[in-house]
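The values are calculated or read from the model by the stated rules, or taken from the named source; none is laboratory data. Please read all numbers here as calculations on a predicted model, not as lab measurements. As a convention, Cβ positions derive from the backbone with ideal geometry for all residues, glycine included, and neighbour counts pool all protein chains shown. Surface areas here come from the heavy atoms of the whole protein model, side chains and all, with no ligands, DNA or RNA. Shrake-Rupley method; radii C 1.70, N 1.55, O 1.52, S 1.80 Å.
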Amino acid sequence: MTKKKLQPIEITDLLDYRFPGNLQYSPDGKYIAFDTSRSDKEKNEYRHDVWAVIDGKAKQLTYSLDTTVAFWENAETLVVQRSVPDVKPGTTALFTLDMQGGEAQPWQVLPFPLKQIKKVRNGVYAALGMIDANDPDGYLDDEETKKQKAAAKEAEKDYTVVDEVPYWFNGAYFTNKMRTALFLVDCGKNKIKRVSDPFENVQSMLVVEDTVYFTSETFTRKSTVPCNSVYAVNTVTNRRSSVYTKNGMAFSSLFAREGKLYAMASNMQEMGYGQTPDICLVEKNKVTKLLDPHRQFGNHVASDMLMGTGTVNAETDGEWFTVVTDFDHAGIWKYDKDFNKTIVHEQPGVVSLLDACNGKVVFAWTGAAAPTEIYEMSADGSDIRQLSNLNTAAMKDKYAALPESVEFTSTGWELRGWVLKPINYDPKKKYPAILEVHGGPRAAYGETFYHEMQAMASKGYFVFFANIVGSDGRDDEFGDLRGKYGETDYQNVMDFTDAVVKKYPAIDESRLCVTGGSYGGFMTNWIIGHTDRFCAAASQRSIASWISMTFIADIGLWFDGNEMGIPLNDSLFDHFDTMWKHSPLKYMKGAKTPTLFIHSDQDCRCPLPEGMQMMQSLAYQDVETRLVIFHGEHHGLSRVGKPLHRIRRLEEIIGWFEKHAK
């Protein structure tokens, strides 16, 4: 019997994938709700549909209107958010879906843009929504007042005024005086009350019986992020109280067990802002460290398949489950009441979302051979079964290159990378190869499906990538790249390239290419300023100068100086020499590598001027270069950008390599 020839993965196959998010069990565990994102080529946007696992099978519940999962109202009723034509700007329409069938029914229209909502008890809900700090109660205005304010805003549309930092934020663009507020919604009394202060920015919330705990910071001129405080509000008395308000702590992932409040928290004293948070008990102005997990919670493994958002930890039957980035995969750990750890899922690949209920855990998992699907297992990690087939049809008869491990030693560390072989690989032939460098730098690569890399392999390229020093997945000593940018990491990349070309003689060393985004863009820029080894480069959302980056980027004033190894309390102005030392632009004299630059004009993380500086530094020397600017996109172009923009991006990158390496 002749083996069926596998077809290449095309760049445009991106339009066929579905990306799941918002996994939620119903209160009794009978159902599992989630939503999916899918491409709408004609409108160049994503459509969102709600699905439910009923009797063990995933079924699509909504089709026409754009719909996402909000929360479960009860065991049979799901509340969803829908985009409907008649909803007024600045409001959010919520509907109910009955699991027994029928059309979605109108439930509530909230007078603010909703970010998150959780049920407290019947008729009472906690919600996070956007406000203008200069008009914090505008949501209470009557229609005439709203029209007047809208007209005044329209008259000012040609101007943007900023008077605080950060004044913009990636994915939201200009955010001056915009805050995330905490609201209590009482449907029985038809009342909505803002709980947080006008200039307070709420970052997360946790509902425990009648109490809502939340983390926030308040600022009027300069943000103190990542430092924040913890508060509580009693939803019966509406009384707000402070839990922890001392300076110098960064809280995330609040959770409660047996009446006590816990958090992932860091004092940033040992490793700065990148320090791995500890599991801590949080009491009145007291934080007690219980456990150092030596790993970052949540998924930090890079992929362009993870659009969906949702929870990464949950509790059932006294056990707390969380996604953890461990070496080269994102698995699931559980902790008992005494915080004894058991690893219940450690397969290669990425767990990106989870929920737990009644001794079961549902999770989204992406392996090496196909995009994300939904799975369920018992709380001990047994009886894993696939619940969805969202991407089965898209991957039928497609060539998915499976990663082959490459172990190597560099700068005293035992490191690991991977290689994808090109389609129809013949060891007697010679092939071009592409080195990929991940962002972060506190991210990681793993054995997970990556559309970009698969499209490259299907175009006839070897693709190779590694977890170098500074990557996530190990403890802080390994992940600490402060003050070493362009030094340890560059040597690791060069040593990895040596190891790959030695192991795979079919790689043509004269046709090596390199690409990466964000920190990977920094490394690409650094590489072309230090070696001519690569015949072509594609630098994405990159960094030219740490000085300009620090004073433009949304997180520059706290993140960038820390990454340069500048002590937290030192003045940035006293360390320009250090910033310039680690800036790729400093080393561009004599660079010869033909380089493509990809940037988005609304990228607040690595702003457009960084790519412009790099492009001009090459053009000044008559080196072949090209800058492609994506309008209306931000730092997440490769992962969540508009479908046609993501396709054009890959066409530009692969097209650049086709020109120079084939």
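A few remarks follow.
- Matching residues, the range 157-182, being outside any loop (DSSP other than H, G, I, E, B) and not aromatic (Phe, Trp, Tyr): Val165, Met178, Arg179, Thr180, Ala181, Leu182
- The residues of the range 379-389 that are loosely packed, with under 12 Cβ neighbours inside 10 Å and part of a loop (DSSP other than H, G, I, E, B), listed by number, are Ser382, Asp383.
- Residue pairs whose Cβ atoms lie under 8 Å apart, separated by 6 or more positions or on different chains, with the first residue in the range 625-638 and closer than 9 Å to Arg649 by Cα and the second among the aromatic types (Phe, Trp, Tyr) and in a strand (DSSP E or B), are Val628/Phe597; Leu637/Phe630.
- Take the conditions (1) without any contact (Cβ under 8 Å) to a residue 60 or more places away in the chain; (2) out of contact with any Leu (no Cβ under 8 Å at 6 or more places or on another chain); (3) crowded, with 23+ Cβ neighbours inside 10 Å; Gln296 misses just one of them, which is (1).
- Criterion: under 22 Å from the mean Cα position of the chain (by Cα) and either open to solvent by less than 20 Å² (accessible area, probe 1.4 Å) or more than 26 Å from Thr411 (Cβ to Cβ) (or both) - qualifying residue of Val437, Val500: Val437
- Which numbered condition Gln347 misses (of (1) of a type in the set (S, T, N, Q); (2) over 20 Å from Val53 (Cβ atoms); (3) part of a strand (DSSP E or B); (4) open to solvent by 10 Å² or more (accessible area, probe 1.4 Å)): (3)
- Subset of the range 232-278 [in contact (Cβ under 8 Å) with a residue 60 or more places away in the chain and surrounded by fewer than 16 Cβ atoms within 10 Å (Cβ to Cβ)]: Glu258, Glu270
- Residues of the range 539-557 that turn out to be assigned to a loop (DSSP other than H, G, I, E, B) and more than 22 Å from His438 (Cα to Cα), as a count: 2
- Count of the range 39-60 residues which are without any contact (Cβ under 8 Å) to a residue 60 or more places away in the chain and open to solvent by less than 60 Å² (accessible area, probe 1.4 Å): 7
- Each residue in the range 530-539 was checked for being surrounded by 22 or more Cβ atoms within 10 Å (Cβ to Cβ) and out of contact with any Asp or Glu (no Cβ under 8 Å at 6 or more places or on another chain), and 4 of them qualify.
- Residue match in the range 111-130 (condition: out of contact with any helix residue (DSSP H, G or I) (no Cβ under 8 Å at 6 or more places or on another chain), open to solvent by less than 40 Å² (accessible area, probe 1.4 Å), among the basic types (Lys, Arg) and on the phi < 0 side of the Ramachandran plot): no
- Where a residue in the range 486-503 is over 14 Å from Ser405 (Cα atoms) and its partner, wherever it lies, is open to solvent by 40 Å² or more (accessible area, probe 1.4 Å) and outside any helix (DSSP H, G or I), with Cβ under 6 Å and at least six apart: Thr488/Thr411; Gln491/Thr411
- Apart from one condition, Leu585 fits all of (1) more than 23 Å from Pro432 (Cβ to Cβ); (2) surrounded by fewer than 22 Cβ atoms within 10 Å (Cβ to Cβ); (3) free of Cβ contacts under 8 Å to residues at least 40 places away in the same chain; the exception is (3).
- Hits in the range 540-554 (condition: within 24 Å of Phe576 (Cα to Cα) and either open to solvent by less than 20 Å² (accessible area, probe 1.4 Å) or out of contact with any helix residue (DSSP H, G or I) (no Cβ under 9 Å at 6 or more places or on another chain) (or both)): Ser542, Ile543, Ala544, Ser545, Trp546, Met549, Thr550, Ala553, Asp554
- Among the residues making up the range 394-448, those that are among the small types (Gly, Ala, Ser) and touching a residue at least 12 places away in the same chain (Cβ under 8 Å) are Ala394, Ala400, Ala401, Ser405, Ser410, Gly417, Ala433, Gly439, Gly440, Ala443, Ala444, Gly446.
- Search result, residues across the range 191-200 that are in contact with a Lys or Arg (Cβ under 7 Å, 6 or more places away or on another chain) and surrounded by 21 or more Cβ atoms within 10 Å (Cβ to Cβ): Glu200
- Scanning the range 62-81 for residues that are among the small types (Gly, Ala, Ser) and more than 12 Å from Thr96 (Cβ to Cβ), we see that the one that is surrounded by the most Cβ atoms within 10 Å (Cβ to Cβ) is Ala75.
- When residues in the range 311-343 are screened for being open to solvent by 10 Å² or more (accessible area, probe 1.4 Å), in a strand (DSSP E or B) and out of contact with any Phe, Trp or Tyr (no Cβ under 9 Å at 6 or more places or on another chain), 1 of them pass.
- Of all residues in the range 425-450, those satisfying the criterion of being in a loop (DSSP other than H, G, I, E, B) and farther than 17 Å from Asp328 by Cβ are Tyr425, Asp426, Pro427, Lys428, Lys429, Lys430.
- Filtered residue count, the range 596-618, keeping only those that are open to solvent by 10 Å² or more (accessible area, probe 1.4 Å) and either aliphatic (A, V, I, L, M) or within 13 Å of Gly517 (Cβ to Cβ) (or both): 4
- In a residue-by-residue description of the range 179-194, the property of being within 21 Å of the chain's Cα centre (by Cα) and under 26 Å from Arg541 (Cα atoms) applies to no position.
- Within the range 202-231, restricting attention to residues that are among the aliphatic types (A, V, I, L, M) and farther than 21 Å from Asn267 by Cα, the residue that is least open to solvent (accessible area, probe 1.4 Å) is Val212.
- Per the conditions (1) assigned to a loop (DSSP other than H, G, I, E, B); (2) open to solvent by 70 Å² or more (accessible area, probe 1.4 Å); (3) free of Cβ contacts under 8 Å to residues at least 24 places away in the same chain, the sole criterion not satisfied by Gly188 is (3).
- Candidate set: the range 504-525, residues that are in contact (Cβ under 8 Å) with a residue 60 or more places away in the chain and among the charged types (D, E, K, R); chosen: the one most open to solvent (accessible area, probe 1.4 Å): Arg511
- Criterion applied to Thr392, Thr411 was being among the polar types (S, T, N, Q), in contact with a helix residue (DSSP H, G or I) (Cβ under 7 Å, 6 or more places away or on another chain) and open to solvent by 40 Å² or more (accessible area, probe 1.4 Å), and the one residue passing it is Thr411.
- Each residue in the range 451-465 was checked for being in a loop (DSSP other than H, G, I, E, B) and crowded, with 24+ Cβ neighbours inside 10 Å, and 1 of them qualify.
- Within the option set Ala455, Ala444, Ala379, being under 24 Å from the mean Cα position of the chain (by Cα) and closer than 30 Å to Ile32 by Cα holds for one residue only, Ala444.
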